[in-house]
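Values quoted throughout were computed directly from the atomic coordinates according to the rules given, and no laboratory measurement underlies them. The structure displayed is predicted, hence computed values, not measured ones. Here the Cβ positions follow ideal geometry from the backbone for every residue, glycine too, while neighbour counts run over all protein chains shown.
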Amino acid sequence: MTLDTLLIYVAASLALALIPGPTMLLALSNGIQGGMRRASWGIAGASLGSITLIAVVALGLGSLLAASEWLFNAIRVAGVAYLVWLGVKLWRSEAADLRTALARSSSQERPQGRIALMRSLAVALSNPKTVLFFAAFLPQFVDISKPQGSQYLLLGAMFVALDTCVMLAYAGAGTQAVRFLSQRGLKAMNRGCAVGMWLLAATLAVWRRPGA
């Protein structure tokens, strides 16, 4: 793998990470509702999901998903349902007071953090488009004449690092929104994230595998 290949990969990965997706919307929402502490838990969950999916692709299981219409549709339906449910939760949620959130005890914050982690992990794992994307995207940068395991490890680590940085930026924007927007404005942002979740769910509902 040459330096030019790596630079192209970094540019492509960064561009893809900047496109708002469900994990980015969750990072923004977690920043609004619970500050950077809760957002960090959610980002950890999303990153763990990406690591898992990249490992799945590296092991060749992405090809199984591409070949199995039943498995693909089962994961797609689960992903749609979960995104719709998250949208409902965000729509109904009240705007958070960051000062109150920061004053919570660790015994209260830890369960909320674990919920954020599990939600982001579930969103990352329940989107078959992501698996097929990694299955189509990563192999283009792998030199098949050399050991592929280490290359997938390097490419995966770089993608997760860039994706994490972008999610941190989204979460930081959420915490700043809490500081400067009114409660009505914050509630509108929560509902905007909810609408974003529903739009993503609708896109996933009508999306079909390439060649299907």
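Return the FRET efficiency for the residue pair Phe133, Ala188: r is the Cβ-Cβ distance, R0 is 35 Å, and the value is rounded to the nearest 0.05.
With a Förster radius of 35 Å, E is 0.65.
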Using 0.36 nm per residue of separation minus the Cα-Cα distance, give me the extension gain between Ala78 and Leu153 in nm, one decimal.
24.2 nm
Below 13 angstrom from the Cβ of Leu154, what's the summed charge of the other residues (Lys, Arg +1; Asp, Glu -1)?
0
Suppose the chain between Ala173 and Ile8 were pulled fully straight at 0.36 nm per residue; how much longer would it get relative to their current alpha carbon spacing?
56.6 nm
